[in-house]
Amino acid sequence: PPPRPPLSSTRSFGRRSTGSGGGEGILRGLGGARALLRALGRAGRGMAGAGGDQGHPAVVFVLGGPGSGKGTQCARLVESLGFCHLSAGDLLRAHMKSGSPDGQMVADMIKQGQIVPSEVTVNLLKGAMAADGGARFLIDGFPRNVENREAFETVMGFDCSGVLFFDCPEAVMERRLLARNEGRTDDNIETIKRRFKVFVEQSMPVVQHYQQCGKVIWADSDRSPEEIFADIAPQVEKLVPAA
Ligand code: UDP
Ligand code: MG
């Protein structure tokens, strides 16, 4: 595995305001109206104006092998730090059940543990981000390969602020996946082995890319959820502070 980054690796990000300007308070609690106003305000200029002083929302990609605890920790970060959590896998599973023409292709790829074409996933993410209208997003389980990463940057016009990476031994992930019972078509031993292979061969290069940029918060995932959360929460808040 790649070496852990030095403890100071996230310091270079500095503090930045992610405030979204006036009107926020009035519209808070009116989720639909707020999202609609934001979407209207953005018409013709992409995501500009949706986030803080960079002119776009702040995004943290959450990566780690299947069963490494991405979803569990994202739920806690949403609750304590007020992020919006988007799971690429959940969006794809909803899409596959939506009756869309490419739904069957997505269902087949998930069942095989393969990576769905970037075009589909990035469009789902873009739509979900616009619908939420928030300024700080955790994007969980994406980008899955280098092409996913490049497509996101091209379509959205910006890169992530940083990556939260959960480092977990395969034996631990395998035990967790076989123990969970969410009715998923891919939580069987055959697909699990393929997902591990795809993760090592295709997703780890994305983590390595961001590590070279000094953008990775590295977490040892073979600990209790409480310990992991106590470790990562201050680092994530420092990376993308609330407005
Ligand atoms: N998937 C994909 N692109 C993504 C995210 C997910 O193709 O950006 C597919 C892929 O087949 C993956 C499955 O959805 O194996 C489940 O992904 P999820 O992140 O929900 O689960 P994990 O494997 O991390 O437990
Ligand atoms: Mg998940």
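Bear in mind these aren't lab numbers, they're just calculated from the coordinates by the rules spelled out. In this text, all values refer to a predicted model and were calculated from it rather than measured experimentally. No Cβ is skipped: glycine too gets one built from the backbone with ideal geometry, and neighbour counts run over all protein chains shown.
Before we move on, is residue 149 surrounded by 14 or more Cβ atoms within 10 Å (Cβ to Cβ), out of contact with any Phe, Trp or Tyr (no Cβ under 8 Å at 6 or more places or on another chain) and without any contact (Cβ under 8 Å) to a residue 12 or more places away in the chain? Working first, answer last.
On the way: surrounded by 14 or more Cβ atoms within 10 Å (Cβ to Cβ): yes; out of contact with any Phe, Trp or Tyr (no Cβ under 8 Å at 6 or more places or on another chain): yes; without any contact (Cβ under 8 Å) to a residue 12 or more places away in the chain: no.
For residue 149, the condition - surrounded by 14 or more Cβ atoms within 10 Å (Cβ to Cβ), out of contact with any Phe, Trp or Tyr (no Cβ under 8 Å at 6 or more places or on another chain) and without any contact (Cβ under 8 Å) to a residue 12 or more places away in the chain - is not met.
Output the residues belonging to segment 61-82 that are away from ligand 2 (no atom under 15 Å from the Cβ) and either assigned to a strand (DSSP E or B) or surrounded by 15 or more Cβ atoms within 10 Å (Cβ to Cβ) (or both). Full working, then the answer.
Taking segment 61-82 as the starting set, the residues that turn out to be away from ligand 2 (no atom under 15 Å from the Cβ) are 79-82.
Passing the criteria: only 81.
Within segment 88-142, track down each residue that is within 14 Å of ligand 2 (Cβ to nearest atom), surrounded by 16 or more Cβ atoms within 10 Å (Cβ to Cβ) and among the small types (Gly, Ala, Ser).
88, 89, 113, 141
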